[in-house]
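The values are calculated or read from the model by the stated rules, or taken from the named source; none is laboratory data. Bear in mind that the values here come from a model prediction, so they are computed numbers and not experimental data. Note: ideal-geometry Cβ built from the backbone for every residue, glycine included; neighbour counts use all protein chains shown.
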Amino acid sequence: MAMRNSRAPETRADGSERLPDPRHVDPPAPTSASALISDARWAGAAKRLRLSARELDVVRCIFDGCREKEIAARLHVGLGTTHSYVERLRLKLHAANKAAVVAAVFLALEVRAE
């Protein structure tokens with residue numbers, strides 16, 4: 001995931017410097033794993049698994065291999081909130097870890113080799 005360096009100062013036209021907005025995160029690359037699956041499939045999987053829209057956002061980030069800190073930055077939420085979402089997903093999907101969450105979602109996506 002491409003993120004701007006929140007520590008690198010930007011130089012203004014008048015020569016002064018300021019830090020960029022730390023909430024700004026570049027959008028995920030179009031070749032991310034979740035972007036290769038249609039939004040309709042994601043919506044169907046969310047419905048089958050009874051996931052909220054925000055839980056689906058977290059699942060898509062996990063599917064892309066993001067760590068909790070990256071998920072928090074991408075979704076503009078705190079690290080504690082992200083951790084809560086991940087734990088809720090684990091409990092809801094009866095998964096032992098994030099890899100098992102991805103496996104459960106992948107099955108719900110009904111992706112088949114053609």
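Here are the numbers for the structure shown:
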{"item": "Top-ranked residue of the range 48-101 - restricted to ones that are assigned to a loop (DSSP other than H, G, I, E, B) and charged (D, E, K, R), ranked as modelled with the lowest pLDDT", "result": "64"}
{"item": "Filter result for residue 38 (under 22 Å from residue 86 (Cβ atoms) and modelled with pLDDT of 65 or more)", "result": "no"}
{"item": "Hits in the range 89-114 - residues which are farther than 18 Å from residue 42 by Cα and surrounded by fewer than 15 Cβ atoms within 10 Å (Cβ to Cβ)", "result": "91, 94, 96, 97, 114"}
{"item": "Residue check for residue 74: surrounded by fewer than 18 Cβ atoms within 10 Å (Cβ to Cβ) and either among the acidic types (Asp, Glu) or out of contact with any strand residue (DSSP E or B) (no Cβ under 9 Å at 6 or more places or on another chain) (or both)", "result": "no"}
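Matching residues to (1) free of Cβ contacts under 8 Å to residues at least 40 places away in the same chain; (2) out of contact with any Phe, Trp or Tyr (no Cβ under 8 Å at 6 or more places or on another chain); (3) under 17 Å from residue 33 (Cβ atoms):
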site	(1), (2), (3)
51	no, yes, no
61	yes, yes, yes
84	yes, yes, no
97	yes, yes, no
107	yes, yes, yes
110	no, yes, yes
